[in-house]
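Following: one structure in C-alpha cells, then a few remarks.
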Amino acid sequence: MVDMKELVSDILHEIVGEIDINCLDKLNIVRINNGISTINGDLWFYSKLDAWREVIAPENNDETFQDILEYYLRRKKNYVSGSNEDNVQKAIQSLVKASENWSIKLESGCLQRERVCFSLNHHSIITSVIKKIIIDNIHLPQKNRTIFLQVNNDPESNLTTFRLQELKNFAQNIFRLQGYDITNTSPEKYLLTTNSHGSIEASYKRYICNFVQDARSNVYKTNETRESYLKRQIAMLKILSEMREPGRKDLDGRMRSIAEATLKFEILGVKPHCRSFIEVSDDSRLSNFTIKGGAFVLYNVARIQAIFRKFEEEYSLQTREAFQNVDQIDFSRLSLQGEWNLVYNFILTYPKVLMNSVHHEELLELCPQVLCAFLSRLSRKFSVYYHHTRILTEERKHLIPIMLARLSLLKALLIVFHHALEVLNITPIPQM
C-alpha cells in the first residue's frame, strides 16, 4: 500500500537532509490535505523558516534565508541571484524532479500565501492503491505483543453489558490484525467495566466505559435488552420494507442484520467513556433507518454487490475475464475528482484508520467511533459517486476500459467495507 508517511519523509529528507524517521509522527511540517484537493493541493508546507526550525541543522539556524525554498536551493548549491519568483519555481521543479525516484511522485507545485502546495501524480497512486488492495488485501504492521481483555458485566443494564462485550470484541479484532497474542498469561490485562470503584484482581488494570441510556428518559436502568431492542427494530423495519416492496418474503434474516448493524453503530459510534443513547420507545419512527448509521453502510455495500451481480449476469465471458486481470486495467480512466477522493481519502487511509481505532502504548485507549465515522463518511461519499456516475456501460470497445476501471475501484471499496464490517462484527447482506 502507498505510504504517505514515506512521502513526508522523502520531502523532508530532500529539503533539509538527514532526519530521524522516528520523529516524523511528532512533526507537523508537511500537511496532507484529506479534503477536496483543489485549494492547497494534495499536500502543503509553510515556506516560512519558523515552521522548519526543529529540522534545520543547528549551524544553519542563525543564517539569513528568505524562506525554506531558498534554504533548500542553497543546500543543494542550486541557488542563483535573480528574482524570488524564479527561485521559487526552480525549487518547486527541483522537488518534483527529485520525486521521480520516490514511491509517490509529485506532479506539480506552486506558492500560495506562504504555503508551498503540491499536487500528487494521481494516476500512479490510484493504480498502486487499487492493485495492491485487490492483490494483497489489507495488512497492518505487526507487533510482537500480548494483551488480555475481560468484561465486568453490568447487573442493571443488559445493553450496557452488550456494549462492553462489543468493545472487547472490536479491540481484540484490531489487536489480532496487528499480530497480538490474546492470552490470559499476558502482563497487560484490562477489565472493561462501568464501575470506577470497588476491588479488582491485582493483575488487571481498570478500563472505564460508560452506560447505554434511554434517549428520552435519560436513565440507564431500563428493562430493555439487546433482544427486545432488536425485536422491536425488526418489526419497524418490516413495516418500512412492506411500504416500499409489498409482498417481499425474505425479510427475517435481512431485517435482523440491519437492526444489529444499527445497534452496534449506536453503541460503538461514540467514545467508550461517553454515554450511548438509544431510542427505547415503541413509537414507529421509521426515518431512523433511511439515512443513518449501520443501516446506511449496509445499504451502500448492497449497492456495490448488486452492480457486480448484474455484471456477472449480463456481460460476456470475455469482458468478465478481462476484469479479473487487474494488471491490464487502464486506471488512467479514473479521472473524476470523486474517484480520486474515494481512493485517496478512504482506500489509502483505511489501514491508518484501523491503527487509530485502538491505541496501546503506556495506556489502553479504544476508539471504535473512529472506524464507525470512517464507514459513515465513506458511505456518504460513495452514495454521491453512485448517483452521479454510470458504472456499467454498454459493452462497446471504447466504453469497456472505463467500466472495468470503475468496477476495479468498486472492488477495492468492497474489500474495505467488508474488512471494516468484520472488525465491527457486522454481517453484510447481499441486498437491502
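Contact map, the range 328-342: first residue in the same structural domain as residue 390 (by TED's automatic domain parsing), second residue of a type in the set (Ser, Thr, Tyr) and not in a helix (DSSP H, G or I), Cβ cut-off under 9 Å, separation 6 or more or different chains; pairs are 336/389; 337/37; 337/38; 338/389; 339/389; 340/37; 341/37.
For residue 226, the conditions (1) modelled with pLDDT of 95 or more; (2) within 13 Å of residue 267 (Cβ to Cβ) all hold with the exception of (1).
Taking the range 382-432 as the range and being in contact with an Asp or Glu (Cβ under 8 Å, 6 or more places away or on another chain), of a type in the set (Phe, Trp, Tyr) and surrounded by 22 or more Cβ atoms within 10 Å (Cβ to Cβ) as the test, no residue passes.
Among the residues examined, residue 232 does not qualify as buried (at least 16 other Cβ atoms within 10 Å of the Cβ), in contact with a Ser or Thr (Cβ under 7 Å, 6 or more places away or on another chain) and basic (Lys, Arg).
Residues of the range 323-369 that are β-branched (Val, Ile, Thr) and modelled with pLDDT of 95 or more: 326, 329, 343, 347, 353, 358.
Yes or no, residue by residue, for (1) under 14 Å from residue 12 (Cα atoms); (2) in contact with a Ser or Thr (Cβ under 7 Å, 6 or more places away or on another chain); (3) not charged (D, E, K, R):
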site: 51; (1), (2), (3): yes, no, yes
site: 64; (1), (2), (3): no, no, yes
site: 79; (1), (2), (3): no, no, yes
site: 130; (1), (2), (3): no, yes, yes
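Conditions (1) hydroxyl-bearing (Ser, Thr, Tyr); (2) at pLDDT 95 or above; (3) surrounded by fewer than 14 Cβ atoms within 10 Å (Cβ to Cβ), marked per residue:
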site	(1), (2), (3)
123	no, no, no
128	yes, no, no
131	no, yes, no
135	no, yes, yes
139	no, no, yes
148	no, yes, no
155	no, no, yes
202	no, no, yes
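Within the range 143-162, does at least one residue satisfy the condition of being assigned to a helix (DSSP H, G or I), touching a Leu at 6+ places or on another chain (Cβ under 9 Å) and not assigned by TED's automatic domain parsing to the domain that holds residue 343? Break it down into steps so the answer makes sense when it comes.
To start, the set of residues in the range 143-162 that are assigned to a helix (DSSP H, G or I) comprises 158-162.
Next cut, touching a Leu at 6+ places or on another chain (Cβ under 9 Å) only: 159, 162.
In the following step, the residues that additionally are not assigned by TED's automatic domain parsing to the domain that holds residue 343 were identified as 159, 162.
Within the range 143-162, one or more residues are assigned to a helix (DSSP H, G or I), touching a Leu at 6+ places or on another chain (Cβ under 9 Å) and not assigned by TED's automatic domain parsing to the domain that holds residue 343.
The values are calculated or read from the model by the stated rules, or taken from the named source; none is laboratory data. Predicted model, so just to flag it, every value in this text is computed and none were measured. Every residue, glycine as well, gets a Cβ built from its backbone with ideal geometry; the counts of neighbours run over all protein chains shown.
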